[in-house]
1. How would PHE100, PHE145 rank on accessible area, largest to smallest, probe 1.4 Å?
2. Counting only protein heavy atoms and using a 1.4 Å probe, what share of the accessible area of region 77-223 belongs to carbon plus sulfur, as a whole percent?
3. Label points 7 Å out from Cα along the Cβ direction at ARG295 and ASN149: separation in nm?
4. At 0.36 nm per residue, and after removing the present C-alpha to C-alpha distance, how many nm does the segment from ASP343 to GLU270 gain when stretched out fully?
5. Hey, can you find the accessible area per residue of region 186-289 for me, probe 1.4 Å, expressed in square angstrom?
6. What is the calculated FRET efficiency for ALA229 to THR194, with r their C-beta to C-beta distance and R₀ = 56 Å, to the nearest 0.05?
7. How do ASP343, ASP152 rank by accessible surface area computed with a 1.4 Å probe, from largest to smallest?
8. Expected output is a single nm value to one decimal: the length gained when fully extending between SER313 and THR127, i.e. 0.36 nm times separation in residues minus the C-alpha distance. What is it?
Amino acid sequence: MKNAKKLIALLLALAMVIALFPTVAFAEGGIGREKLNVEDRPPVTGCIHVDLPGGRAVTNAYLERQARGADETNGTGETLPSRYDSRDYGYITPVRNQGFYGTCWAFGTIASIEAYMIKHGIVDQATGEPATTAIDLSEYHLAWFAYTNAYDKLGLLNGDSTFAIGENFLDRGGTKHMACYTVMRWEGPGSESTSALAYSNASANGLNSAYAYNHDVAHVTDSIWIPVANRDAVKRAIMEHGAGTLSFYCNELMNYSTRAFCYKQEPVPETVETNHAVAVVGWDDNYSRSNFNSRYGPSDDGAWIIKNSWGSSSGDRGYFYLSYEDTASLKGLCFFYKVAPADNYSNCYQYDGTSNAFSYVSLGNNCQVANIYT
């Protein structure tokens, strides 16, 4: 359905007030190895992700209930299972390792996109075949172009500019929002099968702008933002999409013997912000509250199944459990994506550029936003 004149509405599923922040604001936070005095500490120095304090967003995640794939998808109204894990259905790619960079936000986003492509059989442009767990999309590409000007082939971004100051883009950290805006304007996702885009080749020098729009292996068409506190909606979205991206306040409270984490505190101190983004691939309503550290632990059973980006040697083969009652994560949003083949349209008409708008704050329930071109 190639057609250079096709109009595309990039649905962000929110009514918005856009709050612009300087990119230096994203440098706050981080986790150093020296702060986690445990043997099984994560092999990273930075895993920075910041949500807008006090922001509220409510979405209509299920306007289009067109979930395809395996029979395990419950759809709209059926009873949710007490336990679900997308790994059981072969939707989840292997655990990656962000290393010592602050790129968790890119890894969490890419993991969600990969899961959707596998679950829905989206063709990977790099192979010409429906995506499998062998797909490996480029976090390096996403991290670079979230911070860097790259003028599109239509010239619609002429005059747009963003200047990241201070640390290089790999160390600065980022947000789910930044990642969302980047993939929604079809700057990627690229494939690690292209050597220059491989995370192992990541460099502070970044990428040539020629890689911005010419190496897409698929197109993200929709982003769906659901409050983590809306537990059933998040669960149904996991079943429909394969995985989502959320963030939490990662500190020394991890129970490393059970691979379980909870930081329950109300109200959340002003000094506490979410600082690590991950992919949520399932849940277990019966996961015992006794598995969490008693300090700031939950009062009830139940946890999300989390795919981390610290390598398969961390946690439980790269995974851990995050309590439903974890306070910081409950204040935020879980991001899900819909993806289409890269040849669905010829052009993406947009003016979003690299504005790094920090957040969209909802003005009410069941709202939508689109760019409309005539």
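The values are calculated or read from the model by the stated rules, or taken from the named source; none is laboratory data. Everything numeric in this text was worked out from a predicted model, so none of it was measured. As a convention, Cβ positions derive from the backbone with ideal geometry for all residues, glycine included, and neighbour counts pool all protein chains shown. Just so you know, the surface numbers come from the protein's heavy atoms only, side chains and all, with ligands and any DNA or RNA stripped out. Shrake-Rupley method; radii C 1.70, N 1.55, O 1.52, S 1.80 Å.
1. Final ranking, largest accessible area leading: PHE100, PHE145.
2. 48 percent
3. Result: 4.9 nm between the two label points.
4. 21.7 nm
5. About 35 Å² of surface per residue is accessible.
6. Plugging the Cβ-Cβ distance into 1/(1 + (r/R0)^6) gives 0.90.
7. Solvent-accessible surface, decreasing: ASP343, ASP152.
8. 64.0 nm
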